[in-house]
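Below is one structure; the comments refer to it alone.
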Amino acid sequence: MDQACREALEDGMHSVDVILNILSRRDDATNPVLPALPEPLVLHHAPVADCSRYDILRTRP
């Protein structure tokens, strides 16, 4: 809490909302909640970017 107050004061903002926002962002960054994916949805091969597909769509009348 003290660090959030110091950070807000250093930035020139000293409202309760700013301090709560700083605390909320820190809490979100330290406790990411990732859902467990079922095995069929796990990505095994990274997709290959192929922008030529979009070029074909742009050139169609």
> Any idea which of (1) open to solvent by 90 Å² or more (accessible area, probe 1.4 Å); (2) β-branched (Val, Ile, Thr); (3) in a helix (DSSP H, G or I) is the one residue 48 doesn't satisfy?
Replying inline: (3)
>> Take the residues in the range 3-35 that are modelled with pLDDT of 85 or more and outside any helix (DSSP H, G or I); name whichever of them is most open to solvent (accessible area, probe 1.4 Å).
In response: 11
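The values are calculated or read from the model by the stated rules, or taken from the named source; none is laboratory data. Everything quoted here is computed from the prediction, not taken from an experiment. Quick note on the areas: whole protein, heavy atoms, side chains included, nothing else; ligands and nucleic acids left out. Shrake-Rupley method; radii C 1.70, N 1.55, O 1.52, S 1.80 Å.
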